[in-house]
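Accompanying notes for the structure given below.
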Amino acid sequence: MIKNLEIDSFIKLDNTIPVVDVRTPAEFTQGHIVDAYNIPLFSNEERVRVGTTYKQQGREPAILLGFDLTGSKWSGFIKQALEIAPERKIALHCWRGGMRSGAMAWALNLYGFEVFLLVGGYKKYRRWVQDQFDEKYNLLVLGGMTGSGKTLILHQLREFGQQVIDLEGLAQHHGSSYGSMDRMIQPSQEQFENELATQLYKANNDKPVWIEDESLTIGHRSIPNGLWHQMREAKLLNIKIPLTHRVDFLVQEYGQLNKDFLIECTQRIWKRLGPEQTKNAISAINEGRIADFISLVLVYYDKTYRIGLSKRLAESIYELDGNDTNAIKNAALILEHSHKMAEALPHIN
């Protein structure tokens, strides 16, 4: 049986029903539904051939070529589907919900699968993703200068049962010039948005959603404008950690990284640091004086953060002091303070 579903129903499918994307590996890598599997009907090269045939010769020759290309693959497609969905319930889509997913749905239905087919395909899903950023969310923003351990605090808040969206985790970047940590590879902008939209959709708006104060861009990824504007207008809890503790925290985080990586990242911000500070920071890296290096670049990052903070409405900022970077203590402090804010923010539970 094949059931055609609109995007709202498709998104609400039982999470035990796996989603299979039949587009090419290249299309899938660029962006896909969160947790989807890829069973490509065509390889990247084969899709180009079919598309060229369609443009030059028309629909029917393209369909015949498609069958020629996939003729020996169908048993393999079915075996892959059985591995992914042994209960024989499966959700399918292609780019527009056209021939590729239709052909796969026909074959799997013939074999005995119950197939749920997304009307409009991945294109319709991307519209749904963009719509999520225009929804209103019950955001609470966690702020603090670089080295305050905000990400660890957010993770601890999640351990305390709070709703948390870790933007840096989704973007695979810590937000600064050094944010890739010489190991993280960022997803495409498209996939970053897909993951973010999914987390927002799952949030319970009767409770606050904690999110870290970020600039518009995280590495090479941009926070969608609708969400970004909400973050800028939301209440912000700004935790203030003494400089010495922030330096110690960052030494632990960055001290083991490759010196060449640190130097390259420092050179990228030389215009903002200034030539003298850049020279001194690079010397500190080469000489293994990581605390000195951190102290030098924090002058720039602290100044940048203060400027960003000054652009918020003063009445939306709540300051609180932390003694050190202990994430458990600071998360408990922030949670306690958020409860005290209940009168000013009556929507917080």
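The values are calculated or read from the model by the stated rules, or taken from the named source; none is laboratory data. From a predicted model like this one, the values you see are computed outputs, not experimental measurements. Every residue, glycine among them, receives a Cβ derived from its backbone with ideal geometry; neighbour counts consider all protein chains shown.
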Checked G219, G226 against criteria (on the phi > 0 side of the Ramachandran plot and surrounded by 14 or more Cβ atoms within 10 Å (Cβ to Cβ)); the one match is G219
List every residue pair whose Cβ atoms lie under 7 Å apart, where the two residues are 6 or more positions apart in sequence or sit on different chains, the first residue falls within segment 102-120 and is free of Cβ contacts under 8 Å to residues at least 60 places away in the same chain, and the second residue, located anywhere, is surrounded by 15 or more Cβ atoms within 10 Å (Cβ to Cβ) and outside any strand (DSSP E or B). A107/W74; A107/F77; A107/I78; L108/I78; L108/A81; Y111/I78; F113/A81
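Going residue by residue through segment 70-89, is there one that turns out to be touching a Gly at 6+ places or on another chain (Cβ under 7 Å) and either within 30 Å of K202 (Cβ to Cβ) or among the aromatic types (F, W, Y) (or both)?
Going residue by residue through segment 70-89, those that are touching a Gly at 6+ places or on another chain (Cβ under 7 Å) are 88.
Imposing the further condition that a residue be either within 30 Å of K202 (Cβ to Cβ) or among the aromatic types (F, W, Y) (or both) reduces the set to 88.
Within segment 70-89, one or more residues are touching a Gly at 6+ places or on another chain (Cβ under 7 Å) and either within 30 Å of K202 (Cβ to Cβ) or among the aromatic types (F, W, Y) (or both).
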Inside segment 181-211, the number of residues satisfying the requirement of being over 14 Å from the mean Cα position of the chain (by Cα), over 19 Å from Q230 (Cβ atoms) and touching a residue at least 24 places away in the same chain (Cβ under 8 Å) is 2
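Residue by residue through segment 132-141, note down the ones that are under 29 Å from Y300 (Cα atoms) and either small (G, A, S) or touching a Leu at 6+ places or on another chain (Cβ under 6 Å) (or both).
In the first step, residues of segment 132-141 are kept if they are under 29 Å from Y300 (Cα atoms); the result is 139-141.
Across segment 132-141, the qualifying residue is only V141.
Yes/no per residue for (1) assigned to a helix (DSSP H, G or I); (2) without any contact (Cβ under 8 Å) to a residue 12 or more places away in the chain; (3) not basic (K, R):
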| site | (1), (2), (3) |
| --- | --- |
| L227 | yes, no, yes |
| Q256 | no, yes, yes |
| R272 | yes, no, no |
| Q277 | yes, no, yes |
| N280 | yes, no, yes |
| E315 | yes, yes, yes |
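Using the structure shown, decide if D302 is touching a residue at least 24 places away in the same chain (Cβ under 8 Å), not basic (K, R) and not in a helix (DSSP H, G or I). Before you say what the answer is, go through the steps one by one.
Numbers: touching a residue at least 24 places away in the same chain (Cβ under 8 Å): yes; not basic (K, R): yes; not in a helix (DSSP H, G or I): no.
Answer is no for this residue.
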Among the residues that make up segment 9-23, is at least one of them surrounded by 17 or more Cβ atoms within 10 Å (Cβ to Cβ) and either of a type in the set (D, E) or modelled with pLDDT under 95 (or both)? yes
(1) at pLDDT 95 or above; (2) outside any helix (DSSP H, G or I): which one isn't true of R96, the others all being true? (1)
Hey, does segment 262-278 have a residue that's under 17 Å from S148 (Cα atoms) and within 28 Å of the chain's Cα centre (by Cα)? no
Conditions (1) hydrophobic (A, V, I, L, M, F, W, C); (2) farther than 26 Å from V129 by Cβ; (3) exposed (fewer than 15 other Cβ atoms within 10 Å of the Cβ); number of the one not met by L65: (3)
Does segment 282-295 include one or more residues that are in the same structural domain as A332 (by TED's automatic domain parsing) and under 24 Å from the mean Cα position of the chain (by Cα)? no
Can you report the number of residues in segment 114-173 which are more than 17 Å from the chain's Cα centre (by Cα), more than 28 Å from S310 (Cβ to Cβ) and either in a strand (DSSP E or B) or at pLDDT below 95 (or both)? 5
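Suppose the filter is among the polar types (S, T, N, Q), in contact (Cβ under 8 Å) with a residue 40 or more places away in the chain and touching a Ser or Thr at 6+ places or on another chain (Cβ under 9 Å); does T24 pass it? Don't jump to the end; show me each part of the working.
Working: among the polar types (S, T, N, Q): yes; in contact (Cβ under 8 Å) with a residue 40 or more places away in the chain: no; touching a Ser or Thr at 6+ places or on another chain (Cβ under 9 Å): yes.
So T24 fails the test.
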Test result for G58, surrounded by fewer than 15 Cβ atoms within 10 Å (Cβ to Cβ) and over 24 Å from E193 (Cα atoms): yes
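If you go through segment 42-79, how many residues are among the basic types (K, R) and not in a helix (DSSP H, G or I)? Give the derivation first.
Start the filter on segment 42-79 by keeping residues that are among the basic types (K, R), which leaves 47, 49, 55, 59, 73, 79.
Going one step further and asking which of them are not in a helix (DSSP H, G or I), we end up with 73.
Adding up the residues that qualify gives 1.
For segment 300-323, give me each residue that is charged (D, E, K, R) and surrounded by fewer than 16 Cβ atoms within 10 Å (Cβ to Cβ). Before the answer, list the steps.
As a first pass, look at segment 300-323 and keep what is charged (D, E, K, R): 302-303, 306, 311-312, 315, 319, 321.
Hits for segment 300-323 are D302, K303, R306, K311, E315, E319, D321.
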